[in-house]
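Just below is one structure, and these are the notes that go with it.
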Amino acid sequence: MATTMESRLAALETQVAALNERLAAAPPTPPASEGTFWALDGLKQRLPPEGTGAVLYTGTVRVAGQHYDWQYGRTVDDVLAADWTELASTLSALAHPVRLRLLREILDGRQSTSELAEIEELGTTGQLHHHLRQITAAGWLSSTGRGRWAVPAERVVPLLTILTAAGR
């Protein structure tokens, strides 16, 4: 009898853990009363009425067993006043299909050079190292030691934001 009760309890614990994982992975949905533009409305409430506006991006991301929360915003005046030419190398590092594939693979959990070298589409080992250097120099990737790579935590949501905007 005790064994049956223990096995039933274990089965229930497994089901509860699975439900908790599904709930944690589900995208957050605002209450219906907040409306479609709940994030935009919140941003507008924080801006002075005489200003030119602001840009905000935010995200909560779970990839390869890691969780990232990020939010960043700037006023339109600050964005327009900045020297956009300084951003060219950061953006151009993303402008190659192999580099984008590398970043996706690393976010998906393939984080060692040897794992990445197994993917034929990424080219030779020399080409792989060239692309790793390019996206590392631009700040989209960092070495975590011993031939392992990671997208820095503060770059995960910005990277996904750029990809989301480009796909629109």
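Between residues in the stretch 41-66 that are without any contact (Cβ under 8 Å) to a residue 24 or more places away in the chain and residues that are of a type in the set (Asp, Glu), which pairs lie under 8 Å by C-beta distance while being six or more apart or on different chains?
What qualifies is 41/34.
I need the full set of residues from the stretch 128-153 which are surrounded by 12 or more Cβ atoms within 10 Å (Cβ to Cβ), over 20 Å from residue 88 (Cβ atoms), of a type outside the set (A, V, I, L, M) and over 20 Å from the mean Cα position of the chain (by Cα), in order please.
Matches in the stretch 128-153: 129, 147.
Does the stretch 110-126 contain any residue that is part of a helix (DSSP H, G or I) and touching a Phe, Trp or Tyr at 6+ places or on another chain (Cβ under 8 Å)? Step through it out loud before you land on a result.
From the stretch 110-126, those part of a helix (DSSP H, G or I) are 113-117, 120-122, 125-126; that's our starting set.
Pick out the ones that are also touching a Phe, Trp or Tyr at 6+ places or on another chain (Cβ under 8 Å) and you get 113, 116.
Yes, the conditions are met somewhere in the stretch 110-126.
Restricting attention to the stretch 127-168, and to residues there that are among the hydroxyl-bearing types (Ser, Thr, Tyr) and in a helix (DSSP H, G or I), which single residue is nearest to residue 114 (Cα to Cα)?
This residue is 136.
So, in the stretch 5-55, how many residues would count as being open to solvent by 100 Å² or more (accessible area, probe 1.4 Å), at pLDDT 70 or above and outside any helix (DSSP H, G or I)?
Of the residues in that region, 4 qualify.
The values are calculated or read from the model by the stated rules, or taken from the named source; none is laboratory data. Computed from a prediction, not measured in an experiment: that's the story for all the values here. Heads up, the Cβs are rebuilt from the backbone with ideal geometry, glycines too, and the neighbour counts pull from every protein chain shown. Surface accessibility is based on the protein's heavy atoms, side chains included, excluding ligands, DNA and RNA. Shrake-Rupley method; radii C 1.70, N 1.55, O 1.52, S 1.80 Å.
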